[in-house]
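Below is one structure, written out as C-alpha cells; comments come after it.
The values are calculated or read from the model by the stated rules, or taken from the named source; none is laboratory data. Keep in mind it's a predicted model, so treat the numbers as computed, not measured. Keep in mind that these areas ignore ligands, DNA and RNA; they rest on the heavy atoms of the full protein, side chains included. Shrake-Rupley method; radii C 1.70, N 1.55, O 1.52, S 1.80 Å.
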Amino acid sequence: ILTLFPNAIARKLLLMLIFILIFWVIYLASKDHTKFLFSLKNCITLNQWNIFKKFSHPEAPLNPAVSPAETELRIKAIVQKLDQQIPPRPFTHVNTTTSAAHSTATILNPRHTYCRGDQLDVLLEARDHLGRRKQYGGDFLRARMSSPALKAGAAGKVTDFNNGTYLVSFTLFWEGQVSLSLLLIHPSEGVSALWRARNQGYDRIIFTGHFASGASQVLSECGLTLNTSAKLCQYLDNRDHEAFYCMRPQHVPCEALTHMVTRNRNISYLSKEEWSIFHRSNIGVEIMKNFSSIKVLPCNKNENIKQKCQIGMKTPFPSGYTLNRRWITAFCKQTKFSATKNINDCLEGKLIYLMGDSTLRQWIYYFKKVVKTLKCFDHHGTGSFKTHILLDVERNILIQWKKHGHPFVTQKLFSVKDENYISREIDRVPGDNNTAIVITLGQHFRPFPVNIFIRRAINIQKAIDRLFLRSPETKVILKTENTREIHQNAEMFSDFHGYIHNLIMRDIFVDLNVGIIDAWDMTIAYCSNNVHPPGYVIENQIGMFLNYIC
C-alpha cells in the first residue's frame, strides 16, 4: 500500500479513511444492524435471480403434464372406477361373445293388461352364439318402449347383475298398445375392446393447422400430443393444464395459426377378431323381436302433482317420455312455451351463453327460426363454427353460441383465433339473476383417451364453482350428450363412449346446483339416432331450458 501511495499526504488520507471504516463497522455491530445488512444482501440476491429468470426463460410455461395433485388424483380415481366396471374380456372367436339371437328375455309376473304408471320388468339371460349361458355382464344394451301411432316413446332402465343376467325395467307412462325393444348394441367383449383401444392412442384424428404467411397459407400437423422430435408450437393453458401442439412451420411464428381442419387417420387399435364384433350386422341387434305388444289401460290413476321444474332438481332415469312428439318430464311440472310471445316474455332481459358443440348450435338455429324478433349479429369468422349471436335490442335479449376448445373434430375449416376452453369462457361471465349458461361436451372427445374428457369436465366444474362464488344466482344448465348413428366407425364414435361420458359428467357435477337436460334419455325416447337430432327434439330440449330459467 505504501509503495502505491509514495506521497505522505496521500498516505495520511488513506489511513484516516481506513480508521473511519473500522469505526463504522464496530458501531453497526454494537447496534445489532447485521439484520439490516443481511436483509439488504438477500434483497439484492433475489432481485438478481428474478431478473435472471425473466431473461433466461421469457415465456417458460409450466409442464402441462404436471397438474395439481388434487386434479390428478380425481382423474386417476375416475379412470380406476371405470376400469373396474369394464374389465378385460379377451376372446378368440366371435362365437364366444354375447348373441342377441340366443339370449332370452322373459317378462316377470306377466299380465293380460297393465295400468298406466305400472312398472313392467323383463329378465334377460345373456348367451353366446353357441347357446351357452354367459357368466359375466358388461353388455351394452339399449331398452326402449314405444307406441308409433301415438308418436310416443321412453327409455327403459337396465340393471346389470354382473353374472350374465339383467333386469330391464319399463315405466308404463301412457295408455294404449305398447311395444318393447331391447337392443344389443355391443357385447361385453366389444365393450372391453373399445375401452382398451380408446385409451391407447391420441392419433386417430389428424389436425391440420393453417398458418397465415402474408397472402399464402402454410400447413402443419397439430394435435393433443405429437410424437416427433421437431420443434413445436405450444398452446398451453398453465392453470388448467390443457395443451395443444403444432409442428412449428419454418419462417412463420406460432401466433400465425388462424384455422384448423381435421380428418380421420387410417389407424386402429382393434384386432381383426375384435373388428368382427363391430360389423354392421352385429350392432344394435334386437333381442325381444318375438314379443307381442303390451296393453296399457288408464285404470283411473291420477298423476301426482309435481313441483315446477327448477335448477338443482335430481333427474331420474328415465327422466320422462315423449307423447305426440312432446317431451313430458317424469320429475317436475312443465310449462309449455309454444307461442313466440311466451318465449319472448321468458327471454326478456336475459343473457344466454351456449357453450359446446354443434348440437347446441342447433339451438341458435331454432331460436332464429321461431322467435322472429331475434336478429343475427354478424360476428364475422369462418363457416358455421364461428361465434353466433342473436340480439333483440328492444327486449334486451342476447343469445350467443361459441364452440368449445380443442379437440374439435370436423372436416370443415374453422377459425382458432377466438378459440377458448369453456372454463375460460365461464370465467369471463360476470353473472346475475338474468344470466344463463348452457354447456354440452362429449361428441368431439370420443376418439381420444378418456382422461382428456375427465380433465376438461373437472376444469368446467371448477369454473362453475368460481362463478357461483361471485354470482350464485346465475343459472347453469348441463345438456348431456345425445345418441348418434349406430353404424358409424364404432372404435371412434360408438355411443358406448357417450354413455361413459354421461357417467363421468354425473359423477363430477353431482353436488353442483345446476339443471340437467338429459339429451341422452330424450334421443333414446325419440329414437332419433342422429348426431344432430331433428327439429322437434331440439324444440323440446329448449322447452326444458325455458322451464329452468323462467
Gain in length, LEU108 to ALA230, computed as 0.36 nm per residue apart minus the alpha-carbon separation, to one decimal in nm? 37.6 nm
Rounded to the nearest 500 deg cm²/dmol, what is the calculated helix-only ellipticity per residue at 222 nm for the chain, with -39500 (n - 2.57) per DSSP H run of length n ≥ 4? -9500 deg cm²/dmol
With all protein chains present, how much of the accessible area of region 231-377 (probe radius 1.4 Å) comes from carbon and sulfur, to the nearest whole percent? 51 percent
Accessible area per residue in Å² at 1.4 Å probe, computed on region 203-269: 53 Å²
Which shape class, rounded, prolate or oblate, goes with region 418-496 when its Cα gyration tensor gives a ≥ b ≥ c as root eigenvalues, a/c under 1.5 marks rounded, and past that a/b bigger than b/c marks prolate? prolate
Could you please state, rounded to a whole Å, how far the C-alpha centre of region 366-430 is from the C-alpha centre of region 96-136? 46 Å
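Could you give the DSSP H helices of the chain that reach 30 angstrom or more along their long axis (alpha carbon positions) and whose average Kyte-Doolittle hydropathy is no lower than 0.0?
Counting only whole DSSP H runs, the qualifying helices are 8-30, 34-56, 450-470.
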With no solvent and one equal point scatterer placed on each C-alpha of region 100-154, evaluate the Debye formula and give log10 I(q)/I(0) for q = 0.15, 0.19, 0.20, 0.22 Å⁻¹, two decimals. -0.62, -0.87, -0.92, -1.00
Of the accessible area of region 425-550, computed with a 1.4 Å probe and all protein chains kept, carbon and sulfur make up a percent value of 52 percent
Just to confirm my numbers, what's the Cα centroid distance between region 459-502 and region 230-254 in Å? 26 Å
Given the protein chains as shown and a 1.4 Å probe, how many square angstrom of ILE86 are accessible, to the nearest 10? 20 Å²
As computed over region 314-440, the Cα convex hull volume per residue (Å³): 156 Å³
Figure the gain on full extension for TYR366 and ASP203 (residue separation times 0.36 nm, minus the Cα-Cα span) and round it to one decimal in nm. 55.2 nm
What are the radius of gyration and Dmax of region 296-380, computed over its Cα atoms and given in Å? 16.8, 58
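Can you tell me the relative contact order of the chain? Whole percent, Cα pairs under 8 Å, sequence separation 6 or more.
14 percent
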So with the 1.4 Å probe, I'd like the accessible area per residue for region 274-332, rounded to whole Å². 60 Å²
Everything considered on the Cα gyration tensor (a ≥ b ≥ c; rounded for a/c under 1.5, else prolate if a/b is larger than b/c, else oblate), region 171-213 must be described as oblate
How big is D for region 249-318, in µm² s⁻¹ as a whole number, if Stokes-Einstein is applied with the Kirkwood radius of its Cα pairs at 37 °C and 0.692 mPa s? 157 µm²/s
Binned Cα-Cα distances of region 184-318, short to long, each 5 Å bin given as a whole percent: 2, 7, 11, 10, 10, 8, 9, 11, 10, 8, 6, 4, 3, 2, 1, 0
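Output the pairs from LYS350/LYS372; LYS151/LYS308; LYS368/LYS403; LYS308/LYS372; LYS289/LYS479 with a Cα-Cα distance over 21 Å in this structure; if there are none, say none.
Beyond 21 Å: LYS151/LYS308; LYS308/LYS372; LYS289/LYS479.
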Kirkwood Rh, region 506-550, all Cα pairs: how many Å? 11.7 Å
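Give me the percent of the accessible area of region 83-132 that comes from carbon and sulfur atoms, probe 1.4 Å, all protein chains in place.
51 percent
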Give the accessible surface of region 430-550 per residue, rounded to a whole number of Å², with probe radius 1.4 Å and ligands, DNA and RNA excluded. 27 Å²
From Cα coordinates alone, what are the radius of gyration and Dmax values for the chain in angstrom? 31.5, 130
Karplus ³J(HN,Hα) for region 230-237 (6.51 cos²θ - 1.76 cosθ + 1.60, θ = phi - 60°; Hz, whole; x = Gly/Pro) runs 5, 5, 10, 8, 10, 10, 10, 10
Using alpha-carbon pairs under 8 Å, 6+ residues apart, how would you state the relative contact order of region 299-413 in percent? 21 percent
